[in-house]
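Shown next, in structure tokens, is the structure this report addresses.
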Amino acid sequence: MIEIKLEQLSGESKNGKVGKINVKIGDKIKEGDVLLQVESQKGNVSVKSNANGIIEEIVIDEGQIVNIGDVLFKVDGVKTEDKISKTGGFNYFNNLIKPQKGEIESDITIIGAGPGGYVATIYAAKQGKKVVLIEKEHVGGTCLNHGCIPTKALVRSSEVYRNMKKSDSFGIFAENVSVNMEKVIKRKDDIKNQLKNGIEYLLEKHNIQKIDGKGEIIDKNTVLVKTNRKETTIKTKDIIIATGSEASVPSIKGIDSKYVLTSKEALDMTDLPNKLAIVGGGVIGMEFAFIYASFGVQVFVIEYADEILASLDKDVCYEISEIAKENGIKLYTSSKVESIDETENGECVVSFIKDEQRKYISCDKVLASVGRQPYFEGLGIEKLGIEMNDNKKGIEVNEKMQTSIPNIYAIGDVTNIIQLAHVASHQGIIAIDNILGKNKTIDYSTVPSAIFTEPEIAVVGITEKIANEKEIEIEVGKFPMSANGKALTLGDAKGFAKIIKEKSTGKIIGSTIIGAHATDLLASVTLCINNKLTTKQITETIFAHPTTAESIHEAVLNVEGGAIHFE
């Protein structure tokens, strides 16, 4: 008789509550079958079978509290790790040389379980489709594991530390405030793992088959997944490519130095450097700049463009640049990094050209943050003849997310259209709707963008810069956060809200907000633009007081004749 025990739970939980039990006495089970769910304070865990056999006894009940190490089931069968060869011993070489082969059928096969892939998978399963999801690493993709969520966890920790250092301005006094980066990183990992477990739970709840490994598209109806121990051929009606992106590596002498980090390694630093040079002043670079400056690191940002966050309007670039300088961040714009050299005393030197002069920065670490590029490795798209876009840096798709092969779709960063998690998720839903015959198209005119600097920056729709390029006649209303009561009570009154009105129609076509809670405020403006509301309609809307959202109302009033609380 074999005992199946509770081996682990999310985070550091020692016990949890038994959820739905998926088997009954007499059922045949095999390795990998989900037997039950256990819910702990850190999230849900699926308990999978590590044996092949028949359930003889179910030791626990639904709703019961169980501890790690408790026996859950008794099985008449063989544990998978105890399987023996015909010669009486475990044959490791035989397992490696002769991988198991299998074939399955599905309606839709999705390659990549990032925010595009897993959302499309769950959405399709809810519509009654049989879906296979392929992932070579972890569900959640870059966003959950090495991007959006981990960076925001660090942003929050740095924000708490910064607030504690200035708490005396609120009448609160704290002594010996310090940072423990090991706990900061652990908190980040706990959040990430809780969300990953949640996604895994949803996949299992909807009976979605997830295959670990890299997917290769053999033809328009066949995907092959290979690992050392198994080869799985999937026969499928439709395919969605959602393989995401990887960090771009700039062509700089010394970029492979041990002192150089990508954003992935920067998220796991438990030892703070004294001095950090960041190559690239875009979104990722500036988020890290504010995080580590708040933790007391001396930060240098070297940006090739004339301004940091160069896609934004000049007034926003100026505002965040001045705030960055106030936070001790040294900015070098219009600068080209030429080399990264190691010194004898365990540091490195970044050499760059600014204003036709060579300059040097000595630092402990360098963060290379110059953007991301679509990830295609091993997909086989060249053999299939799937068309690439004009710059050959992404898969070409139409408004329905179809590639040049109609039953193969591509979503997310791999298309190189807009590299944002929420865009990937929406593209995934559009792709599934079209597979279902709903004839949906995607509109990118109201995609919101969130930048988690300090303060936050949020943008949606047309900027002044784009309006000028397209020769759109506009009117602009602005309102400073320093005149907003809620922002003052928060002790965070930097920045402003800006509303852009199309002169000919009176409609709101764009907004940029820099200030406290900017990324949360943006949703209301996005709804206004998406529903083609006018500034006049918003002036007649009542906004709650005191809230930072009043800054939007005041900016709209400024367009329509003048703000109430600012001249």
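Below is a table of values for the structure above.
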read-out: Qualifying residues in the stretch 373-411 (those that are among the small types (Gly, Ala, Ser) and more than 24 Å from the chain's Cα centre (by Cα)) - the one surrounded by the fewest Cβ atoms within 10 Å (Cβ to Cβ); value: Gly385
read-out: So Asp315, is it over 23 Å from Arg162 (Cα atoms) and assigned to a helix (DSSP H, G or I); value: yes
read-out: Positions within the stretch 395-412 being free of Cβ contacts under 8 Å to residues at least 24 places away in the same chain and either touching an Asp or Glu at 6+ places or on another chain (Cβ under 8 Å) or not assigned by TED's automatic domain parsing to the domain that holds Lys237 (or both), in sequence order; value: Glu396, Ser404
read-out: Near pairs, Cβ below 9 angstrom, 6+ apart or cross-chain, from the stretch 531-545 (free of Cβ contacts under 8 Å to residues at least 40 places away in the same chain and among the charged types (D, E, K, R)) to any residue that is surrounded by 15 or more Cβ atoms within 10 Å (Cβ to Cβ) and in a loop (DSSP other than H, G, I, E, B); value: Lys536/Gly506; Lys536/Glu560
read-out: The stretch 348-363: number of residues that are surrounded by 13 or more Cβ atoms within 10 Å (Cβ to Cβ), closer than 20 Å to Ser251 by Cβ and either of a type outside the set (Val, Ile, Thr) or without any contact (Cβ under 8 Å) to a residue 24 or more places away in the chain (or both); value: 7
read-out: Candidate set from the stretch 1-39 (those that are among the polar types (S, T, N, Q) and buried (at least 20 other Cβ atoms within 10 Å of the Cβ)); member that is nearest to the chain's Cα centre (by Cα); value: Ser10
read-out: Some residue of the stretch 279-291 being within 18 Å of Ile149 (Cβ to Cβ), aromatic (Phe, Trp, Tyr) and either touching a residue at least 60 places away in the same chain (Cβ under 8 Å) or assigned by TED's automatic domain parsing to the domain that holds Ile320 (or both); value: yes
read-out: Matching residues, the stretch 129-159, being crowded, with 22+ Cβ neighbours inside 10 Å, within 17 Å of the chain's Cα centre (by Cα) and outside any helix (DSSP H, G or I); value: Glu135, Val139, Gly140, Gly147
read-out: Candidates Ala421, Ala458, filtered to the one that is in the same structural domain as Ser157 (by TED's automatic domain parsing) and either within 21 Å of the chain's Cα centre (by Cα) or at negative phi (or both); value: Ala421
read-out: In the stretch 98-128, residue surrounded by the most Cβ atoms within 10 Å (Cβ to Cβ) [restricted to those that are among the charged types (D, E, K, R) and in contact (Cβ under 8 Å) with a residue 60 or more places away in the chain]; value: Asp107
read-out: From the options Lys210, Lys196, residue that is touching a His at 6+ places or on another chain (Cβ under 8 Å) and among the charged types (D, E, K, R); value: Lys196
read-out: Test set (1) under 27 Å from the mean Cα position of the chain (by Cα); (2) of a type in the set (Ser, Thr, Tyr); (3) surrounded by fewer than 17 Cβ atoms within 10 Å (Cβ to Cβ) - Thr548 fails condition number; value: (3)
read-out: Leading residue by the ranking (nearest to Gly254 (Cα to Cα)) among those in the stretch 364-380 that are touching an Asp or Glu at 6+ places or on another chain (Cβ under 9 Å) and among the aliphatic types (A, V, I, L, M); value: Leu367
read-out: Index of the failed condition, Ile405 passing every other in (1) of a type in the set (A, V, I, L, M); (2) touching a helix residue (DSSP H, G or I) at 6+ places or on another chain (Cβ under 6 Å); (3) not in a strand (DSSP E or B); value: (2)
read-out: Entirely in the stretch 16-95, the strands (runs of 3 or more DSSP E) that have 3 or more residues that are modelled with pLDDT of 85 or more; value: 34-40, 51-58, 71-79
read-out: Those residues of the stretch 107-128 which are over 27 Å from Gly285 (Cα atoms), in contact with a Gly (Cβ under 6 Å, 6 or more places away or on another chain) and either not hydrophobic (A, V, I, L, M, F, W, C) or not in a helix (DSSP H, G or I) (or both), in sequence order; value: Ile110, Ile111
read-out: Unmet requirement for Lys325, which otherwise passes all of (1) assigned to a loop (DSSP other than H, G, I, E, B); (2) free of Cβ contacts under 8 Å to residues at least 60 places away in the same chain; value: (1)
read-out: Filter pass, Val66 being in contact with a helix residue (DSSP H, G or I) (Cβ under 6 Å, 6 or more places away or on another chain), on the phi < 0 side of the Ramachandran plot and touching a residue at least 24 places away in the same chain (Cβ under 8 Å); value: no
read-out: Conditions (1) in the same structural domain as Ile329 (by TED's automatic domain parsing); (2) closer than 22 Å to His138 by Cβ; number of the one not met by Gly296; value: (2)
read-out: The stretch 455-490: number of residues that are in a helix (DSSP H, G or I), farther than 27 Å from Phe288 by Cα and without any contact (Cβ under 8 Å) to a residue 40 or more places away in the chain; value: 2
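The values are calculated or read from the model by the stated rules, or taken from the named source; none is laboratory data. The structure displayed is predicted, hence computed values, not measured ones. Ideal geometry is used to build each Cβ from the backbone, glycine not excepted, and the neighbour counts take in all protein chains shown.
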